[in-house]
Amino acid sequence: MKKVMLVFGTRPEAIKMCPLVNELKNRAGLRTVTVVTGQHREMLHPVLETFGVVPDHDLDIMRPRQTLFDITAAVLEKLPPVLEAEKPDLVLVHGDTTTTFASALACYYLDVPVGHVEAGLRTYNIHSPYPEEFNREAVGIVSRYNFAPTPTAADNLLREGKKPATIFVTGNTVIDAMRHTVREDYTHPELDWAGDGRLIFITAHRRENLGEPMHRMFRAIRRVLQEHPDCRAVYPIHMNPAVRKAAEEELAGCDQLHLIEPIEVFDCHNFEARCYLCLTDSGGIQEECPSYGKPVLVMRDTTERPEGVAAGTLRLVGTEEESIYRSFTELLEDPAAYEKMSRACNPYGDGRACERIADILEKGTYSPWEPRMPGSEPYLFDPII
Ligand code: UD1
Ligand code: UDP
């Protein structure tokens, strides 16, 4: 029986890997071992609980204000003994974090085959997002199996010279995760507070945005909110102290905005489904919001998710104060511009990515995910509200 090990460490990896852990555990032909590096500590464990995943190993590496050196060195020190003890036939890593990169490197050093889930996303600029673009390109060098979420991602890998037989278009497992979270009868005190106002959902955390870009983003948001008294913004702040400092400096005292602790994934998906629009520099949220037809202003200079831009749900607005101010204002004041961005579509998957990956690993069978064209019927999620 093949032994498959999954290694992940941050909140978004957990959200996208837990449904896969559960799918693989249900397969009689596979043995599954789950390892968390603990790159995130507080933000990881609620996700594991939501999906009922109990890790077999927790490397517990997180340190306050950890550097890229800290994370890389800790994974390279603590993962090899687990690999040597468990002797997996294949290790699955996800996406582009430093956990992903360092885990894949450890596998390469020990000659353990790597499967890359969410393979092939690219900006081709290793400084944006930083260090994620480097991480995923580097994992792409060592990975033997590449589970590309979309045909665009698969094309990137083919252009880079990856052998076609190693590439599988599966859809993104985040859409599978959403099947477990979005509820029609959902309520939350923050939604009650927003009442009939237009709910603006905000997140920000990217390393390259820390410092002045983040201050500019927050100043633009504050100005627009003050000019639109019917808006209510909810911003669950990432636990990074540098993000918290900037948010508190620029946004404290704004009555229309609630700065709250990170929310559970169950809450996050339900907030997204009910918001008027979202401002974010997150990767995962760019995949989730299109399902609900919620416009996303992406506060970054690049995106590795062009499918949502092509479908019209995402707009890249950079990190300059005036650019964010203009696009945010336009979406609030111009119904035609809002309407254009708020058509539900799902370019990222149909909720069956885990099943496809499990079939490939267990039975060697593969039926690729083929997205419908932008503007056609969404797969699973009509906007709830
Ligand atoms: C990491 C990933 C990024 C991913 C993001 C998702 C890297 C280099 N970055 O960035 O790709 O988009 O996760 O959120 O892999 N902290 C806590 N508790 C937690 C989590 C974080 O206190 O549960 C604080 C700690 O002080 C930690 C800091 O946040 O040192 C930064 O965490 P880190 O994982 O290094 O970076 P992220 O910005 O979260
Ligand atoms: N998320 C969450 N709680 C929050 C903010 C985000 O559960 O308070 C979820 C969100 O739904 C998405 C993922 O976390 O699935 C995105 O994580 P993040 O933005 O931290 O990382 P990225 O996707 O940019 O790597």
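The values are calculated or read from the model by the stated rules, or taken from the named source; none is laboratory data. Keep in mind that what you see is a predicted model, and the values were worked out from it rather than measured. Cβ: placed from backbone, ideal geometry, glycine included. Neighbour counts: every protein chain shown.
Numerical summary
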{"read-out": "Checking residue 64 against (1) touching a residue at least 60 places away in the same chain (Cβ under 8 Å); (2) away from ligand 2 (no atom under 16 Å from the Cβ); (3) touching a Ser or Thr at 6+ places or on another chain (Cβ under 7 Å), the condition it does not meet", "value": "(3)"}
{"read-out": "Of residues in region 154-175 being at pLDDT 95 or above, farther than 20 Å from residue 103 by Cβ and among the aliphatic types (A, V, I, L, M), the one surrounded by the fewest Cβ atoms within 10 Å (Cβ to Cβ)", "value": "158"}
{"read-out": "Within region 160-172, considering residues that are in contact with a Lys or Arg (Cβ under 9 Å, 6 or more places away or on another chain) and more than 16 Å from ligand 2 (Cβ to nearest atom), the one farthest from residue 302 (Cα to Cα)", "value": "166"}
{"read-out": "Candidates 210, 251, filtered to the one that is within 16 Å of ligand 2 (Cβ to nearest atom) and over 26 Å from residue 131 (Cβ atoms)", "value": "251"}
{"read-out": "Wholly enclosed helices (runs of 4 or more DSSP H) of region 275-354 bearing at least 2 residues touching a strand residue (DSSP E or B) at 6+ places or on another chain (Cβ under 9 Å), within 16 Å of ligand 1 (Cβ to nearest atom) and not basic (Lys, Arg)", "value": "284-292"}
{"read-out": "Residue among 45, 116, 94, 57 that is crowded, with 16+ Cβ neighbours inside 10 Å, without any contact (Cβ under 8 Å) to a residue 12 or more places away in the chain and either under 22 Å from residue 177 (Cβ atoms) or away from ligand 2 (no atom under 16 Å from the Cβ) (or both)", "value": "45"}
{"read-out": "Filtered residues of region 257-293 (kept if near ligand 2 (Cβ under 9 Å from one of its atoms) and among the aromatic types (Phe, Trp, Tyr))", "value": "266, 271"}
{"read-out": "Residue satisfying all of: in region 294-312; closer than 23 Å to residue 230 by Cβ and of a type outside the set (Lys, Arg); farthest from ligand 2 (Cβ to nearest atom) among these", "value": "295"}
{"read-out": "Sole exception among (1) out of contact with any strand residue (DSSP E or B) (no Cβ under 8 Å at 6 or more places or on another chain); (2) under 28 Å from residue 345 (Cα atoms); (3) within 16 Å of ligand 1 (Cβ to nearest atom) for residue 186, by number", "value": "(3)"}
{"read-out": "Region 145-173: number of residues that are in contact (Cβ under 8 Å) with a residue 40 or more places away in the chain and in a loop (DSSP other than H, G, I, E, B)", "value": "5"}
{"read-out": "So residue 182, is it within 21 Å of residue 289 (Cβ to Cβ), under 15 Å from the mean Cα position of the chain (by Cα) and in contact (Cβ under 8 Å) with a residue 24 or more places away in the chain", "value": "no"}
{"read-out": "Unique residue being among the basic types (Lys, Arg), touching a helix residue (DSSP H, G or I) at 6+ places or on another chain (Cβ under 7 Å) and either buried (at least 18 other Cβ atoms within 10 Å of the Cβ) or more than 21 Å from residue 172 (Cα to Cα) (or both) when the list is 305, 326", "value": "305"}
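Rundown of residues vs (1) within 19 Å of residue 164 (Cβ to Cβ); (2) in contact with an Asp or Glu (Cβ under 8 Å, 6 or more places away or on another chain); (3) of a type in the set (D, E, K, R), yes/no style:
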site	(1), (2), (3)
335	no, no, no
338	no, no, no
354	no, yes, no
357	yes, yes, no
361	yes, no, no
